[in-house]
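Working notes, structure below.
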Amino acid sequence: MPGRFFLTSPIVDVARALDQGVGPVADEPARRNIAPGQELVVLTDTGLCRMRWGIIPVGRVDARGRPVMKTLINARSETVFDKSVFRGTGRAVVPVNGWYEWTGEKRRKTAWAITPKSGGLLLFAAITDCWRGPGGIEVDQIATLTCAPSADVVDIHHRMGVILEKDDIGLWLSGVQQAVTPLLRSWPAGRLQVEKAVDVDWNGP
């Protein structure tokens, strides 16, 4: 499942591919290492914007009525519509060129970069929320959805992000639950490329 993203395409190309204006993300630089807790460029039903990757579910409780304390960067697509902690969340799409996974033991891990074989963007389904803090602070935030892995990535992780087709963006952003549920599945096998990640500064952009 996505633990780090990268978006290296010029933001004007990203906007064009999504039939959007650049708007408030016009100054977005190329980024090879986007970590949880940082801002991502996302697409909502109002256009491109930035949101924090990781939902801090302040005020949300689990099925037992207990407060959820951890930051959630991913949510299981199989249960996202059932869990009370996600009730009332919105939807977004995260456009990236790919994501990273790791295999191996601690201190000997191998980093893998996963990209579309055809090039271009991967469009990850996500849910959104707004964290409200003291003094009227508001932070828009997202968590990506995960599903079972395709044959392309099953050897490196037991989960993967839900990847959408471009034609399904509008349905995901505004469709009813019954209509969007079929979108929450593994991407077809043979469409992703997995290569060792090289020359990535894991402490920087």
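Things to note:
- If you check A125, A92, A113 for being in contact with a Ser or Thr (Cβ under 6 Å, 6 or more places away or on another chain), at pLDDT 90 or above, assigned to a strand (DSSP E or B) and aliphatic (A, V, I, L, M), only one passes: A92.
- Count of the range 1-52 residues which are basic (K, R) and without any contact (Cβ under 8 Å) to a residue 12 or more places away in the chain: 1
- Of residues in the range 135-156 being charged (D, E, K, R) and touching a Lys or Arg at 6+ places or on another chain (Cβ under 8 Å), the one surrounded by the fewest Cβ atoms within 10 Å (Cβ to Cβ): E138
- Screening D168 on (1) surrounded by 21 or more Cβ atoms within 10 Å (Cβ to Cβ); (2) out of contact with any strand residue (DSSP E or B) (no Cβ under 8 Å at 6 or more places or on another chain) shows it passes everything except condition (1).
- D168, sole failed condition from (1) more than 16 Å from R76 (Cα to Cα); (2) without any contact (Cβ under 8 Å) to a residue 40 or more places away in the chain; (3) over 16 Å from the mean Cα position of the chain (by Cα): (3)
- Residues that are crowded, with 19+ Cβ neighbours inside 10 Å and either hydroxyl-bearing (S, T, Y) or within 12 Å of the chain's Cα centre (by Cα) (or both), drawn from the range 34-51: I34, L40, V41, V42, L43, M51
- When residues of the range 27-50 are limited to those that are out of contact with any helix residue (DSSP H, G or I) (no Cβ under 7 Å at 6 or more places or on another chain) and acidic (D, E), the one nearest to A143 (Cα to Cα): E39
The values are calculated or read from the model by the stated rules, or taken from the named source; none is laboratory data. Remember, it's a predicted structure, so these values are computed and weren't measured experimentally. Reconstructed Cβ throughout: ideal geometry from the backbone, glycine too, with neighbour counts over all protein chains shown.
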